[in-house]
Amino acid sequence: MDIKELDREYIANTYGRADVVFVRGEGANVYDDRGRRYIDLGAGIAVNSFGLADPVWREAVVGQLSKLQHMSNLYYTEPCVKLAQALCQRTGMKRVFFGNSGAEANECAIKAARKWAFDRVGDYSRSGIITLKNSFHGRTVTTLSATGQDAFHTKFGPFTPGFYHASAQDAREVRALADRGDCCAVMLELIQGEGGVVPLTREYVDEVVEIARERDMLVIVDEVQTGNGRTGTLYAFEQFGFLPDIVSTAKGLGGGLPLGACLLGERVKDTLGRGDHGSTFGGNPIACAGALSILQRLDQELLADVRRKGEMIREALTGAAGVKSVTGMGLLVGILTEKPASQVAREALERGVVVLTAHEKVRLAPPLNIRDEELCEAVKILKEVIGE
Ligand SMILES: Cc1ncc(COP(=O)(O)O)c(C=O)c1O
C-alpha cells in the first residue's frame with residue numbers, strides 16, 4: 001500500500017487532503033515524493049515563518065535537542081524563560097504562559113479572563129466573554145464555543161456556556177452585550193483568518209476597545225494566525241494602536257514546532273497563580289529555542305520586507321482577470337476569485353504552487369523570507385490559474 005492508502009486506512013478521517021505527498025523542503029520550495037518542486041505560499045497554515053529546513057532555526061533547534069529535549073515544568077529551564085522575556089520586551093506584555101497550540105493559548109486566555117473576573121467579584125456573575133461572528137478560535141470544546149460560526153456549534157454539544165457572538169462590523173452589538181453587565185472580556189481576531197482574511201476596521205476596533213475600558217472588561221486579541229511578523233509588524237495589534245490585556249499566539253511562533261503562548265498584560269499578570277493552569281509539554285525547550293531564534297530575526301528590516309512583499313502581491317492581483325477583491329495585511333492575503341477557491345487551490349497545486357483557502361477565498365501566507373523571484377514566479381502562475 002502506498003502512503004495515501006495507508007493514511008486513509010489508519011489516520012482519523014478528519015482532513016480532506018490534497019493529492020500530494022510532501023517529503024522535504026528548502027525555504028519556500030517543497031518537494032513531493034516524485035521529486036517535483038512546488039513553491040509554497042502557505043507555509044503550513046502560516047506556520048513555517050522562515051520556510052522549510054531553515055538553517056538558522058534548525059541550528060537553534062538541533063543545538064537544544066542535543067542538550068535537553070524536555071524537563072517537567074516543575075523545574076527551571078532556560079529557553080522558555082528567554083523566549084518569554086523577549087516576547088514581553090517586544091510587546092509590552094508582562095508574563096507568558098506557554099502551551100502547544102493556538103487553541104491552548106486561547107484556553108489560557110479564557111481561563112485568565114474568567115479568573116480575573118472571579119477575583120474581582122467573588123463569583124461567576126461576570127464570566128461571559130464576547131467574541132465576534134465569523135471568528136475562529138480553535139477546536140477544543142471551549143474554543144469552539146468561542147468561535148462565532150454556527151457551523152462549529154453542532155454535533156459536539158453540550159458546549160461551554162458564556163460566549164456571546166457580536167457583529168464584526170457594527171460595534172453597537174458589542175455595546176449591547178457589554179451593557180448586560182455579565183461579561184469580563186471581549187476577544188477579537190484583528191484579521192479574521194479562517195473566516196476569509198477579513199480585517200476589522202480601525203474605527204470598529206477603537207470603539208470596541210473603548211467599550212471594554214468603559215465597562216471594566218479585558219481585551220483579548222487572538223493573534224494565533226496574525227502574530228509573529230505575519231502582518232508586517234510583530235503583532236497586528238501594533239497597527240491598530242492599542243495594547244491588549246491578553247494576546248494569544250501560536251503558529252508562526254514555533255516556526256513548525258508546536259508552541260502556543262498566552263501573553264498576559266499588566267492587569268492580568270498575577271491572575272493565574274500556582275496550580276491554576278499547567279501543561280506537560282508547554283514551553284518545550286526545543287520549540288522555545290527555535291522560537292527565540294525566529295523572534296530575534298523578526299527585526300524592523302524583515303518586517304518592512306514583509307509589508308513590501310505583501311504590497312507586491314496585492315498590486316499584482318488587484319484588478320487582475322478573475323480577481324474580485326484582495327484583502328489582508330502583510331503576508332496574510334485573501335483573494336476573492338470568480339472561480340471557487342478550492343478549484344484555484346487544486347489547479348495551482350497541479351501547476352506547482354501551494355496555496356490555502358479560507359471560506360470562499362484563496363488565502364496566501366508564504367514564508368516571511370520568501371525570495372522575490374520565488375514570489376513573483378508563484379504569483380504569475382496563480383494569476384494565470386485565477387484568470388483562466
Ligand atoms: C485565529 C486562530 N485562533 C486559533 C486557532 C487554533 O489554533 P490551533 O490549530 O493551533 O489550535 C487558529 C487556527 O487556525 C486560528 O487561526
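The helices (runs of 4 or more DSSP H) found wholly in the range 277-355 and carrying at least 3 residues that are without any contact (Cβ under 8 Å) to a residue 12 or more places away in the chain and among the charged types (D, E, K, R) occupy 300-317.
In this structure, is E78 acidic (D, E), free of Cβ contacts under 8 Å to residues at least 60 places away in the same chain and touching a Cys at 6+ places or on another chain (Cβ under 9 Å)? No, not satisfied.
Checked against the criterion of being outside any strand (DSSP E or B), within 15 Å of the ligand (Cβ to nearest atom) and not basic (K, R), the range 210-224 contains one or more residues that satisfy it.
Here the range 119-154 is the region considered, the condition is being more than 26 Å from V205 (Cα to Cα) and part of a helix (DSSP H, G or I), and the residue that is farthest from the ligand (Cβ to nearest atom) is V121.
Taking the range 190-205 as the search range and keeping residues that are assigned to a helix (DSSP H, G or I) and in contact (Cβ under 8 Å) with a residue 12 or more places away in the chain, which one is nearest to the ligand (Cβ to nearest atom)? Top of the filtered list is V205.
Please indicate, with yes or no, whether at least one residue in the range 155-166 is part of a helix (DSSP H, G or I) and out of contact with any Asp or Glu (no Cβ under 6 Å at 6 or more places or on another chain). No: the range 155-166 contains no residue that is part of a helix (DSSP H, G or I) and out of contact with any Asp or Glu (no Cβ under 6 Å at 6 or more places or on another chain).
When L257 is tested against the conditions (1) surrounded by fewer than 20 Cβ atoms within 10 Å (Cβ to Cβ); (2) more than 16 Å from the ligand (Cβ to nearest atom), the lone failure is (2).
Throughout, read-outs are computed from the coordinates displayed, never taken from laboratory work. As the structure is a prediction and not an experimental result, all values here were calculated from the model. As a convention, Cβ positions derive from the backbone with ideal geometry for all residues, glycine included, and neighbour counts pool all protein chains shown.
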